[in-house]
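Beneath this line is the structure, given in structure tokens, with notes to follow.
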Amino acid sequence: MTAQRGKDLLVRVATGTGFVAVAGLRARQIAYNAETVDVTHAESAGRWRELLSGAGIRRAAISGSGVFRDEASDVRLRQTFFDGTLDTFQVVVPGFGTLEGPFQITSLEYRGDHAGEVTFDLALDSAGPLSFTAL
């Protein structure tokens, strides 16, 4: 696989009839995390740590910053944040596939420079099972 353009990583939200891109992201990141369950005991070989396979909590965090595509996108994400509701998001990773599932908006920040446009920072945390469809 060849290198992919960062600008092609796309965050979309469910509309009921499909998905629509909600923002013009300039920087974005996906992080997968898994907690471990330590089952080390007095008789563990050589006192090496032992972990329980398949246990623990898995999560995905998505963050990005950029400019909103339009007023409707801003309204949609802002209302989802204030309502504290979950929404189905889709993240298209070029050259790899698509991550999809329920997420909660955990942070929505706005900022603006005197001689520039208003930008935002967005953070999403997974809120249920996710699927990944490889290309």
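Where in region 88-109 is the amide nitrogen less than 15 Å from a point lying 7 Å along the Cα-to-Cβ axis of S131?
Under 15 Å, as judged by backbone N against the label point of S131, lie 88-92, 97-103 of region 88-109.
Treating the angle as unsigned and between 0 and 90°, give the value, to the nearest 10°, between the Cα long axis of helix 71-83 and the longest Cα principal axis of the chain.
40
Within 10 Å, count the other beta carbons around each residue, average over each peptide in 99-105, 27-33, 46-52, and list them highest first.
99-105, 27-33, 46-52
Nothing charged except the Cβ atoms of Lys and Arg (+1) and of Asp and Glu (-1): what's the magnitude of the dipole of the chain about its Cα centre? Round to the nearest 20 debye.
320
Just one of [x] -0.29, -0.35, -0.78; [y] -0.39, -0.48, -1.02; [z] -0.43, -0.50, -0.85 is log10 I(q)/I(0) by the Debye sum over Cα atoms at q = 0.10, 0.11, 0.16 Å⁻¹ as worked out from the coordinates here. Which one is it?
Of the listed options [x] -0.29, -0.35, -0.78; [y] -0.39, -0.48, -1.02; [z] -0.43, -0.50, -0.85, [z] comes from this structure.
With runs of 4+ DSSP H residues as the only contributors, calculate the mean residue ellipticity of the chain at 222 nm using -39,500 (n - 2.57) per run, divided by the residue total and rounded to the nearest 500.
-3000 deg cm²/dmol
Taking the chain as a Gaussian network, where each spring joins two C-alpha atoms under 10 Å apart, which residue of T15, T119, T98 fluctuates the most?
T15
Only the coordinates and a few stated rules stand behind these numbers; no lab work does. Here the structure is a predicted model, which means the values were calculated and not measured. Here Cβ is always computed from backbone atoms with ideal geometry, including for glycine, and neighbour counts include all displayed protein chains.
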